[in-house]
Structures are given as structure tokens and as C-alpha cells.
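Report on one structure; see the data block that follows.
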Amino acid sequence: MLLTERMEAMLQLKQIYKVFNEGTPDEKIALNNVDLTLNKGDFVTIIGSNGAGKSTLMNIISGVLIPDEGSVHINGNNVTELPEYNRSRYIGRVFQDPMAGTSPSMTIEENLAIAYSRNKKRTFHRGVTKKRREFFRESLETLHLGLENRLNAKVGLLSGGERQALSLLMATFTEPEILLLDEHTAALDPSRAELITNLTKEIVERLNLTTLMVTHNMKQAIELGNRLIMMDKGQIILEVNEEEKKQLTVEKLLAEFQRIRGEQMASDRAVLS
Amino acid sequence: MFTAIFGSIESGIIYAIMALGVYLSFRILDFPDLTVDGSFVTGAATAATLIVAGVNPFFATIAALIVGFIAGAITGLLHTVGKINPLLSGILMMIALYSINLRIMGRSNVPLLNEETIMTKVRDFWSSLGIDSMLNNMLLAMGFEGTLPRTWGILIVMLIITILFKLFTDWLLQTEIGLAIRATGDNKRMIRSFSANTSWFIILGLGLSNAMVAFSGALIAQYGSFADIGMGIGMIIIGLASVIIGEAIFGTKTLARATLAVIGGAIIYRIVVSLALRVQFLETGDVKLITASIVILALILPQIIRNQKVKKQKEKKRQERLSAVDRKDGGHAAVKTDI
């Protein structure tokens with residue numbers, strides 16, 4: 001019983017296929033039969049070069065895009081056709097652009113109130129109540145940025161790092177079934193990026209969130225999470241499990257990448273010759 | 001002079017409800033909604049036709065509010081479901097409403113001169129209170145000379161109604177649904193990622209906005225004792241002028257402040273227009289030109305002021321650099337003469 005609970009699949013992608021500009025010279029197969037399963041509490045990092053299909057994968061999970069073939073399951077429910085605004089009940093998301101995850105002309109507490117309603121029905125009750133304000137304050141304290149004293153400040157006035165930290169909090173504090181992080185530290189300077197990386201680690205561990213993180217930073221991909229996958233040309237070309245990941249270094253990863261690429265090139269050559 | 005200003009304050013207060021509607025679509029939803037030109041008349045036409053048919057003026061005005069909501073919601077549907085560009089959705093609805101308004105009225109003008117309207121009811125009620133003579137005596141005691149207003153009732157009752165609409169807007173925009181409407185205008189991508197259907201909030205927001213516009217139209221028709229097919233022309237620009245003037249003068253620090261600013265802007269706009277019309281060579285028909293000029297000025301002036309500031313700063317920096325170079329040169333020359 002305990003075992004089945006632990007191994008419960010939170011996110012399942014089955015045979016996902018997505019092609020852009022089909023039938024034109026620009027046709028591009030973005031995802032080619034991708035299978036991926038995340039169990040509850042899994043923290044998977046995704047690396048891959050530009051155009052590997054990482055962002056398309058994120059967009060298909062979040063419902064921004066609908067796959068041409070295949071299905072998406074969250075906690076056992078088939079959500080393949082569910083529109084983004086319905087699906088985001090289950091999904092917390094942090095974007096690469098620090099401006100994307102918050103509403104600049106609204107205050108910190110109003111932004112938090114919007115995020116707080118993510119998995120509830122929105123009503124004509126006040127968004128920021130006394131009780132909620134207390135909860136928001138406590139949640140903001142976990143960021144250690146002093147934002148708890150600036151509840152009425154407009155978010156547009158915050159720095160990129162502060163906004164991204166707030167986005168991270170907004171995406172997570174309602175404990176979504178799945179957390180999607182799309183290169184969420186890429187647009188920040190190194191010290192801010194480190195702060196957000198540490199916060200991510202702390203929050204995901206504390207709330208035991210099932211997380212999928214795209215990153216360009218191999219070191220970050222190795223340090224964070226319990227599993228790692230590498231994508232290339234719309235396919236998952238490498239899966240590193242929990243045991244293997246503990247031994248992983250950037251050098252090993254690069255070598256592995258070269259090896260797979262080399263094999264592919266060799267087979268391409270074989271086909272062409 | 002006093003009568004003219006008093007009149008423009010009265011009508012300004014009624015137009016302020018329309019301006020609040022425009023604020024909701026233009027500023028909050030970031031949706032340039034031209035439906036306003038049509039829905040203002042729809043409100044007036046609905047109320048006037050019902051009143052002439054013998055319906056209680058209060059119900060007639062509420063009916064105008066509901067019809068306005070429907071008109072706005074249809075514009076929202078055109079944009080969200082029909083995927084039509086916001087400006088075009090509004091224009092299409094505006095044109096469609098022109099015919100609908102003619103259908104409602106049956107002709108291009110419905111007079112309300114001998115009908116019982118909200119305004120006549122307010123006047124009757126007010127004169128029974130006897131506050132008018134009190135206020136007028138106060139004015140006289142303060143040394144006021146000129147024509148005294150016929151009644152203060154309309155001014156005060158309309159002000160109360162407008163403030164109720166303001167308070168409603170303030171309250172609405174703080175609710176969970178209101179926060180989602182605001183975020184829809186601010187960052188659609190973000191609010192979708194927090195399980196909000198932006199289409200629904202656009203439809204709701206435009207519905208509420210046009211409900212206010214139509215309500216204002218219904219009151220204006222009763223205030224002026226007629227509904228006319230042409231009374232909505234340029235209404236969107238008047239609303240926009242009120243919003244911009246109000247924001248510039250009263251500021252937008254908080255929501256409550258911003259909505260108050262819109263009301264203030266609407267009143268000031270009316271006063272400016274009535275003063276402008278007192279200039280000899282301007283005629284009543286020039287009102288639209290004056291309005292357009294006010295909006296153009298309000299849009300361009302801030303840019304010019306900003307550019308001037310930047311120029312001044314650059315000039316200052318340049319002078320500083322030049323004087324620094326001068327000092328260096330001076331020092332150099334001094335050294336030379338020393339040699």
C-alpha cells in the first residue's frame with residue numbers, strides 16, 4: 001500500500017507528438033513520441049540545446065499547446081484537451097521572464113491573492129482579507145527578502161530577482177500537483193540566480209512538489225532534483241535516474257552527450273552512404 | 001456664468017458614471033472599447049422609450065443598465081470567441097447599435113418634456129424638503145450675486161448616485177473576480193497560469209463598463225428631456241478626456257483615488273467645455289473639436305514635458321563635461337605660460 005502510494009504517477013506523458021508548420025517548407029517536428037512519467041515528489045531537470053523541444057514540452061504540459069498525438073495525464077486524469085486556464089488549477093508555473101509571472105500594476109498582496117485563488121473558485125468576496133494577509137506575510141518571510149514589509153508596494157517597482165522570487169512563491173504556496181520551471185533563473189544576474197536556485201530547492205523540498213525544471217545550466221541541472229533528462233531534436237536521448245545522478249558530473253554529462261551525438265551522426269552517415 | 005458652471009457640474013456628475021465605465025474598459029481591461037458611442041444612446045433610448053410607454057422611470061433606468069451590460073458583453077464575445085481585434089469589435093458593435101437604437105426609439109428623437117422622469121421626481125421630492133431655500137440663503141448671506149440655481153436636488157442626488165457607482169467599482173476591483181479582471185488587463189499570460197479564463201473576465205468587464213455607460217445615457221436623456229440618435233457621437237472621446245484629465249490632476253496612487261479622479265475629470269471637462277463655448281467665435285457645434293483638442297493636448301503635452309526634461313538633463317550634463325574640459329584646458333594653458 002505504502003509502496004503504491006509512493007510510486008503514484010503524478011504526471012504522465014504518453015507518446016507525445018507535435019509538429020509545427022506542417023506541410024510547409026518550415027515543417028519542424030518539435031516533439032517526436034516523447035514518453036515521460038513523474039512520480040509524486042520527483043524533481044526532474046531537463047537539459048538540451050536550443051530547439052531540442054524543451055519549451056514545447058513545457059507548453060504541452062501546461063496546456064498552452066495541444067499535442068497532435070499522444071496524451072497528458074495529471075494525477076491519473078487525462079487532461080490532454082483541457083484548456084490552459086482549467087489545467088493551471090493543478091500546475092504552478094514560473095517563466096524565464098521575471099515580468100511574465102506577476103502583474104506589475106498591482107500590489108504584492110493583490111498578486112498573492114490572485115495566486116491564492118488558483119485552485120479555488122473566484123467569488124465576489126474580498127481578495128485580500130485580514131486572515132489571508134497574515135498568511136501572505138508568513139509566506140513572504142520564507143523568501144528572506146523583506147517583501148513581507150512591502151505588501152502594498154506595486155510589483156512593477158520590484159527588481160527582477162525580487163519579482164522572480166515572488167513568482168516562485170506565487171506558483172508554489174498553494175501546493176500545486178505539478179511545478180513547471182522554465183529556465184526561471186536564466187534572465188537573472190549570477191548572485192540573484194543563485195538566490196532563486198536556493199529558494200527553489202528549499203521550497204520544492206519543504207512542500208515535496210512534483211517538479212519539472214528546464215535549464216541551460218548543466219551544473220544547476222546536476223545539483224537540483226533527483227532525476228535528469230536530456231533532450232535533443234524532439235526526443236529524450238538520455239535519462240539519468242536517482243542513483244546514477246548522485247555520481248553525475250558536468251564532464252560525465254558532456255561526454256555522454258558527445259557519445260550519443262556521435263552515435264547518431266554515425267548512424268546518420270550510415271543511412272546516407 | 002454661475003448658472004452655466006452650475007449646469008456643467010450637474011451634467012458632469014452624470015457623465016462621470018460613463019467616464020467610470022470608460023475607465024473600466026480603457027484603463028483596467030486595457031481594451032479600447034468603442035461600443036460606448038452606441039451603448040450610451042442605447043441606454044438613453046431604452047429609458048426614454050420605456051418612460052414614454054408609461055413605465056416607472058426608475059425601472060426604465062435599470063432596464064437601460066441591463067441592456068448596456070448585454071451590449072458590452074456582446075463586444076466581449078466578438079473579441080474573445082470571434083477572435084476579432086478589440087478596436088474592430090467595438091466599432092462593429094457601435095455600428096450595429098445605431099440601427100438597434102433606431103429600432104428601440106422608432107424614430108431618431110424621443111422627447112421627454114412632459115413625462116415623469118427621475119429628474120422631475122428628484123425635483124419634486126427635493127422641493128418638499130426645503131433644503132434649497134436654506135442653501136440659497138447661505139449663498140446670499142456669503143454675498144453671492146447672480147442667478148440662484150433652481151434646485152440643488154439634482155446636483156446632490158446625482159452626486160450620491162455617482163459616488164455609489166464609484167464605491168461599487170472600488171469594491172468590485174478588490175474582490176477575487178475584480179483582481180482577476182485587473183490582472184487580465186495587466187498580464188494575460190500570468191492570469192491564465194493562475195486558472196483564470198481571461199475571455200470570461202473580458203466579457204464581464206466590458207459588460208459592466210457598458211452597463212455604467214448606458215445608465216449614464218439614461219440619466220442624461222432624462223436630464224436633458226430627450227433621447228437622440230446622435231447623442232453618443234464622440235462619447236468615447238469624452239470619456240477618455242475625463243479619465244486623462246482626472247488622472248493628470250488628481251493622480252492615480254490608489255484605486256479609490258483613481259476612480260475619484262475620473263469623476264473629477266468628468267466634471268472639469270464639462271466646465272472647460274462650457275467656458276470654451278463662452279468664447280465669442282466658438283459655436284455649439286465646435287464642442288467635438290474642442291474635445292478632440294483637449295484629448296490630443298492631454299496625450300501630447302506629457303510627452304513634450306518629458307522630452308524637455310530629458311533635454312535639459314542632457315544639456316546640464318554636457319555643460320558639466322564642457323566646464324570640466326575647460327578647467328583642464330585652463331590648467332594646461334597656465335602651465336604653458338609658466339614655461
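Among residues belonging to the range B:155-176 that are surrounded by 22 or more Cβ atoms within 10 Å (Cβ to Cβ) and β-branched (Val, Ile, Thr), point out the one that is nearest to the other protein chains (Cβ to nearest Cβ).
Checking each candidate, the answer is B:Thr169.
Test of understanding: among B:Thr61, B:Thr75, which residue is crowded, with 18+ Cβ neighbours inside 10 Å, closer than 13 Å to B:Leu219 by Cα and polar (S, T, N, Q)?
Working: B:Thr75 fails: closer than 13 Å to B:Leu219 by Cα.
Being crowded, with 18+ Cβ neighbours inside 10 Å, closer than 13 Å to B:Leu219 by Cα and polar (S, T, N, Q) holds for just one of B:Thr61, B:Thr75, which is B:Thr61.
All but one of (1) buried (at least 22 other Cβ atoms within 10 Å of the Cβ); (2) touching a strand residue (DSSP E or B) at 6+ places or on another chain (Cβ under 9 Å); (3) of a type in the set (Lys, Arg) hold for A:Lys154, so report the exception by its number.
Only one criterion in (1) buried (at least 22 other Cβ atoms within 10 Å of the Cβ); (2) touching a strand residue (DSSP E or B) at 6+ places or on another chain (Cβ under 9 Å); (3) of a type in the set (Lys, Arg) is unmet by A:Lys154, namely (1).
Exactly one of (1) of a type in the set (A, V, I, L, M); (2) more than 19 Å from B:Ile220 (Cα to Cα); (3) in a helix (DSSP H, G or I) is unmet by B:Ile84. Its number?
(3)
Could you tell me which residue of the range B:92-135 is modelled with the lowest pLDDT, considering only residues that are small (Gly, Ala, Ser) and not in a helix (DSSP H, G or I)?
Out of the qualifying residues, it is B:Gly130.
I'd like the full set of residues that are farther than 18 Å from A:Val204 by Cα and surrounded by fewer than 21 Cβ atoms within 10 Å (Cβ to Cβ), limited to the range A:162-174.
Those that are farther than 18 Å from A:Val204 by Cα and surrounded by fewer than 21 Cβ atoms within 10 Å (Cβ to Cβ): none in the range A:162-174.
Given the conditions (1) closer than 27 Å to A:Tyr17 by Cα; (2) out of contact with any Asp or Glu (no Cβ under 9 Å at 6 or more places or on another chain), which single one is not true for A:Leu238?
(2)
Identify all residues within the range A:37-62 that are touching a helix residue (DSSP H, G or I) at 6+ places or on another chain (Cβ under 8 Å) and either in a strand (DSSP E or B) or more than 17 Å from A:Leu11 (Cα to Cα) (or both); write none if there are none.
Of everything in the range A:37-62, those that are touching a helix residue (DSSP H, G or I) at 6+ places or on another chain (Cβ under 8 Å) and either in a strand (DSSP E or B) or more than 17 Å from A:Leu11 (Cα to Cα) (or both) turn out to be A:Asn39, A:Phe43, A:Thr45, A:Ile46, A:Ile47, A:Gly48.
So which residues in the range A:62-95 are surrounded by 19 or more Cβ atoms within 10 Å (Cβ to Cβ), within 12 Å of chain B (Cβ to nearest Cβ) and of a type outside the set (Phe, Trp, Tyr), if there are any at all?
Within the range A:62-95, A:Ser62, A:Gly63, A:Glu84, A:Arg87, A:Ser88, A:Ile91, A:Gly92, A:Arg93, A:Val94 meet the criteria.
Do we find that B:Ala218 is crowded, with 24+ Cβ neighbours inside 10 Å and either touching a Phe, Trp or Tyr at 6+ places or on another chain (Cβ under 8 Å) or away from chain A (no Cβ under 14 Å) (or both) in this structure?
Details: crowded, with 24+ Cβ neighbours inside 10 Å: yes; either touching a Phe, Trp or Tyr at 6+ places or on another chain (Cβ under 8 Å) or away from chain A (no Cβ under 14 Å) (or both): yes.
So B:Ala218 fits the description; yes.
Could you please find all residues in the range A:100-146 being buried (at least 17 other Cβ atoms within 10 Å of the Cβ), charged (D, E, K, R), out of contact with any Pro (no Cβ under 9 Å at 6 or more places or on another chain) and at the interface with another protein chain (Cβ under 7 Å from one of its Cβ atoms)?
Hits for the range A:100-146 are A:Glu110, A:Arg122.
Checking the condition part of a loop (DSSP other than H, G, I, E, B) and either over 19 Å from the mean Cα position of the chain (by Cα) or within 14 Å of chain A (Cβ to nearest Cβ) (or both), which residue from B:Ser195, B:Ser199 passes? Give the steps one after another, and end with the answer.
Working: B:Ser199 fails: part of a loop (DSSP other than H, G, I, E, B).
Criteria check complete, one pass: B:Ser195.
Counting only residues that are closer than 22 Å to B:Val262 by Cα and part of a helix (DSSP H, G or I), how many does the range B:136-176 have?
Filtering the range B:136-176 for residues closer than 22 Å to B:Val262 by Cα gives B:154-175.
The next check asks that each one be part of a helix (DSSP H, G or I); those that pass are B:154-172.
The qualifying residues number 19.
Is it the case that some residue within the range A:12-22 is within 14 Å of chain B (Cβ to nearest Cβ), among the charged types (D, E, K, R) and within 27 Å of A:Ala187 (Cβ to Cβ)? Give the steps one after another, and end with the answer.
Filtering the range A:12-22 for residues within 14 Å of chain B (Cβ to nearest Cβ) gives none.
Within the range A:12-22, not a single residue is within 14 Å of chain B (Cβ to nearest Cβ), among the charged types (D, E, K, R) and within 27 Å of A:Ala187 (Cβ to Cβ).
Being free of Cβ contacts under 8 Å to residues at least 24 places away in the same chain and closer than 30 Å to A:Arg163 by Cβ is true for just one of A:Glu251, A:Glu205, A:Glu242. Which residue is that?
On the way: A:Glu251 fails: closer than 30 Å to A:Arg163 by Cβ; A:Glu242 fails: closer than 30 Å to A:Arg163 by Cβ.
When all the criteria are applied, what remains is A:Glu205.
Of the residues A:Ile222, A:Ile236, A:Ile203, A:Ile229, which single one is closer than 23 Å to A:Gly53 by Cβ and within 15 Å of the chain's Cα centre (by Cα)?
Working: A:Ile222 fails: within 15 Å of the chain's Cα centre (by Cα); A:Ile236 fails: within 15 Å of the chain's Cα centre (by Cα); A:Ile203 fails: closer than 23 Å to A:Gly53 by Cβ.
From the options A:Ile222, A:Ile236, A:Ile203, A:Ile229, the qualifying one is A:Ile229.
Check B:Ile229 against each of (1) farther than 30 Å from B:Thr120 by Cα; (2) surrounded by fewer than 24 Cβ atoms within 10 Å (Cβ to Cβ); (3) away from chain A (no Cβ under 14 Å) and name the one condition it does not meet.
Looking at each condition in turn, B:Ile229 falls short on (1).
So B:Ile181 fits all but one of (1) in contact (Cβ under 8 Å) with a residue 40 or more places away in the chain; (2) not in a helix (DSSP H, G or I); what number is the exception?
Evaluating B:Ile181 over (1) in contact (Cβ under 8 Å) with a residue 40 or more places away in the chain; (2) not in a helix (DSSP H, G or I) leaves (2) as the failure.
Any idea how many residues of the range B:161-188 are under 17 Å from the mean Cα position of the chain (by Cα) and of a type outside the set (Asp, Glu)? Reasoning before the result, please.
Start the filter on the range B:161-188 by keeping residues that are under 17 Å from the mean Cα position of the chain (by Cα), which leaves B:161-170.
Narrowing further to those that are of a type outside the set (Asp, Glu): B:161-169.
Residues in the range B:161-188 being under 17 Å from the mean Cα position of the chain (by Cα) and of a type outside the set (Asp, Glu): 9 in total.
Assess whether B:Ser195 counts as being surrounded by 19 or more Cβ atoms within 10 Å (Cβ to Cβ), at positive phi and in contact with a Phe, Trp or Tyr (Cβ under 9 Å, 6 or more places away or on another chain). Can you show your working first?
On the way: surrounded by 19 or more Cβ atoms within 10 Å (Cβ to Cβ): yes; at positive phi: yes; in contact with a Phe, Trp or Tyr (Cβ under 9 Å, 6 or more places away or on another chain): yes.
Yes; evaluated as a whole, the condition is true for this residue.
Exactly one of these conditions fails for A:Ile66: (1) touching a Phe, Trp or Tyr at 6+ places or on another chain (Cβ under 7 Å); (2) farther than 21 Å from A:Met170 by Cβ. Give me its number.
Going through (1) touching a Phe, Trp or Tyr at 6+ places or on another chain (Cβ under 7 Å); (2) farther than 21 Å from A:Met170 by Cβ one by one, A:Ile66 breaks only (1).
The values are calculated or read from the model by the stated rules, or taken from the named source; none is laboratory data. Quick caveat: nothing in here was measured; it's all calculated off a predicted structure. Neighbour counts run over all protein chains shown; Cβ positions are idealised from the backbone, glycine included.
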